[in-house]
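The values are calculated or read from the model by the stated rules, or taken from the named source; none is laboratory data. Only a predicted model underlies this, so the values are computations on that prediction, with no experimental measurement involved. Note: ideal-geometry Cβ built from the backbone for every residue, glycine included; neighbour counts use all protein chains shown.
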Amino acid sequence: MPLVRDGLAHSLEGKNGGTRLGRPSAEITLRDIYCSVMGTKKLWIPRPDVPQRRLVSSNVERFFEALANDAEEAVLGLLATRTLHQSLEELDNLSDSDRSSV
């Protein structure tokens, strides 16, 4: 389990077992979780199967690979600014607003 491997969670077997956070939720960023779960997989993967005939098709793979790398860094940067604690509070607030609108 990646989250256990990376110290974000602890898993105990047995009668009193279960899964618990490996450190306080305020110290775990969404980037930590994302990187743990995704490993080395990229958000977008280039398509090397495009026939290379002209300016665009000859360079599209490198172009989009660079663009995808920039996008991934932007996403990871955003995820690094949000903690699990903040996200759980936001989800709780959304849930409260859903209940009050019924």
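If I ask for residues that are β-branched (Val, Ile, Thr) and free of Cβ contacts under 8 Å to residues at least 12 places away in the same chain, which ones from the stretch 62-102 would you list?
VAL102
Filtering the stretch 72-102 down to residues that are in contact with a strand residue (DSSP E or B) (Cβ under 9 Å, 6 or more places away or on another chain) and not polar (S, T, N, Q), which residue is surrounded by the most Cβ atoms within 10 Å (Cβ to Cβ)?
So, considering only residues that are in contact with a strand residue (DSSP E or B) (Cβ under 9 Å, 6 or more places away or on another chain) and not polar (S, T, N, Q), the one surrounded by the most Cβ atoms within 10 Å (Cβ to Cβ) is LEU84.
Condition test on LYS41, is it within 11 Å of the chain's Cα centre (by Cα), exposed (fewer than 10 other Cβ atoms within 10 Å of the Cβ) and modelled with pLDDT under 95?
Judged against the criteria, LYS41 is a match.
Restricting the first residue to the stretch 17-43 and requiring it to be at positive phi and without any contact (Cβ under 8 Å) to a residue 60 or more places away in the chain, which pairs with a second residue that is assigned to a strand (DSSP E or B) and exposed (fewer than 13 other Cβ atoms within 10 Å of the Cβ) meet a Cβ separation below 9 Å and a spacing of at least six or different chains?
Close Cβ pairs (under 9 Å, with a partner that is assigned to a strand (DSSP E or B) and exposed (fewer than 13 other Cβ atoms within 10 Å of the Cβ)) amount to GLY18/SER11; GLY18/LEU12.
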